[in-house]
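Written below as C-alpha cells is the structure these notes are about.
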Amino acid sequence: MTLQRIAAAALLVSSLFAEAPGRKKRTVTDEEVRQVHESAILIDTHNDITSATVDGFDIGKPSKDHHTDLPRLKKGRVTGQFFAVYVAASYVEGNRSAHRTLAMIDTVRHDIIERYPNEFLFAVTADDILRAKEQGKIAALMGIEGGHAIEDDIRLLRRYYDLGVRYMTLTHSNDNTWAGSSGSKLNKGLTQLGREIIAEMNRLGMMIDISHVSDQTFWDALNASRAPVFASHSSCRAISPVPRNMTDEMIVAMAKRGGVIQINFDCGYLNPDVARAQEERAKKLRPKLEALRKKYAKDLERLREATRALRLETPLGVRATLADVVKHINHVVEIAGIEAVGLGSDFDGVECLPEGLDSVDLWPNLTRALLEEGYTAADIRKIYGENILRVMRAVERTAREMQASAR
Ligand SMILES: [Zn+2]
C-alpha cells in the first residue's frame, strides 16, 4: 500500500465512525444551549446585508425580505460581524470599482455604525471585538470582497485600510489583473503585483482572504504571505465538489500555517444534491438570464430584482440542513483539527440557507446541533470566535514586526 492509499483508507475508516473519539452524541437542555451560546464570542466573517443598506435599507427595522437586521442580530447574540464591502465585477468596466468600494465602506460606517451607535461598535482589532462583548455591543468590521476594488493601485489598498477595512478577498468570481478566481476556468496564479499586494497587506495588518480565488492563487497566496491566511466564507470540496469550496489538501496546508476555514451556509456549497440542482436550474435559466442581462444592461438594480424574481419562480426543490453544516465542521476537525474551523455565513449573499439557519437570529440552533453532536463548550468557543481571533492577532503581530524592522 502506498502512503496515499493508507491515508485514504484511514480517512474511510474515520468517516465510517461518524463520532470522533472523545465526542459522543447526546441530548441537551435549552438552558445549556443558552449558557454555551452566550459564553461564546460569535464572529461571523461574511454578511452581505450591506448590498441592501447601500440602497437605503434600514438595518434597525425588522425585515422579512432579508436574512439580517439589528433586532435579529441581537437575538442571535452575534458579537463580531464582518460586513462585506462587496464590489461586483461589473464595476471594473469604466474604472468604477473604487467609487463603489468607498460607497460600500460608507454604508457600513454611516448607515450601520453611526446610525446605531448604542448597538454597534466600530471595530478594527481583535481587542475591539472583546471590548464589544464586554459592553454588550456588536463589533462591526469590514472586509472587501473582490481585489479589483483597489484598481491595481497599492495606494488605494492603504487608504482602505485607514478607513477600517481588515480583510480583502483577493478576487470575486472574476479574474483580476493580478489574481485568479475559482469562477474562471484559467486557474491563474498571482502575478508580481499580486505578490506585492500580499506583502503590503501583511505590512498593514490586513487579513488575506482566499475565498473565491483559483486553486493556483490559493497556493501562491499561502506561500507568499508571512501571516496566516483564511477563507472568510468557503466550505469543504470533499463534501460538495464545487470550485468555491476548498480541497482537503488546501485546508490542511492553510491550518498548518495557522489559518482557518470559515464555513459558508450556501445550500449548494454544503450539500452536493443542492449543488447539482442549482447547476441544472442555471442551465435551464441561462437563455432567460441572458435576455434579462441585455434588457437591463444599464440598470443593475432592476437586473438584480428581475434575476431574483426569476429564481423564485423556479424553486430548487431541495435544501441543506443544520446537519450538513455540522458535517462540514466535523470534516475540518477530522482532517485539520478544531483550531482550523470557524463560521462565515454569507447571510444576505446567498439565496438558499439550511433549514433552521434561515436568518441571523437562529445561530443558537447551530449551538444546539453542535452540543448534540458532542462538541464541548470549549470546542464551540473556538469554532465561534477564538480561532478567527487568533488569526487576527497573528496578522496584527506580523504587521507590527514588519513595521518595526523597516524603521
Ligand atoms: Zn462571496
Which of the helices (runs of 4 or more DSSP H) contained wholly in segment 24-79 include at least 1 residues that are modelled with pLDDT of 95 or more and within 16 Å of the ligand (Cβ to nearest atom)? 50-53
When (1) buried (at least 24 other Cβ atoms within 10 Å of the Cβ); (2) within 15 Å of the chain's Cα centre (by Cα) are applied to residue 353, the one that fails is (1)
Within segment 129-146, which residues are touching a strand residue (DSSP E or B) at 6+ places or on another chain (Cβ under 6 Å) and either in a strand (DSSP E or B) or not basic (Lys, Arg) (or both)? 129, 132, 138, 139, 140, 141, 142, 143, 144, 145
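Any idea which of 182, 225, 211, 235 is over 19 Å from residue 264 (Cβ atoms) and touching a residue at least 24 places away in the same chain (Cβ under 8 Å)?
Result of the check over 182, 225, 211, 235: 225.
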Starting from residues that are part of a loop (DSSP other than H, G, I, E, B) and without any contact (Cβ under 8 Å) to a residue 60 or more places away in the chain, keep the ones in segment 365-407 and report whichever is nearest to residue 25 (Cα to Cα). 376
When only residues in segment 181-213 that are under 13 Å from residue 147 (Cα atoms) and within 16 Å of the ligand (Cβ to nearest atom) count, which is surrounded by the fewest Cβ atoms within 10 Å (Cβ to Cβ)? 208
Go through (1) touching a Ser or Thr at 6+ places or on another chain (Cβ under 9 Å); (2) within 16 Å of the ligand (Cβ to nearest atom); (3) in a strand (DSSP E or B) one by one and return the number of the condition residue 168 breaks. (1)
Out of curiosity, is residue 153 without any contact (Cβ under 8 Å) to a residue 12 or more places away in the chain and over 23 Å from residue 389 (Cα atoms)? yes
In segment 113-128, anything in contact (Cβ under 8 Å) with a residue 24 or more places away in the chain, part of a helix (DSSP H, G or I) and closer than 23 Å to residue 209 by Cα is listed as 126
Within segment 341-400, tally of residues that are closer than 25 Å to residue 252 by Cβ and within 16 Å of the ligand (Cβ to nearest atom): 5
Cβ-Cβ under 8 Å, sequence separation 6+ or interchain: first residue in segment 36-61 and within 21 Å of residue 100 (Cα to Cα) and assigned by TED's automatic domain parsing to the domain that holds residue 375, partner assigned to a helix (DSSP H, G or I) and within 15 Å of the ligand (Cβ to nearest atom). Which pairs? 50/104; 54/104
Taking the options 262, 278, name whichever one is of a type outside the set (Ser, Thr, Tyr) and assigned to a strand (DSSP E or B). 262
Of (1) surrounded by fewer than 19 Cβ atoms within 10 Å (Cβ to Cβ); (2) under 27 Å from residue 329 (Cα atoms), residue 225 fails just (1)
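The values are calculated or read from the model by the stated rules, or taken from the named source; none is laboratory data. This is a predicted model, so every value here is computed, not measured. Glycine also receives a Cβ, built like all others from the backbone with ideal geometry; neighbour counts cover every protein chain displayed.
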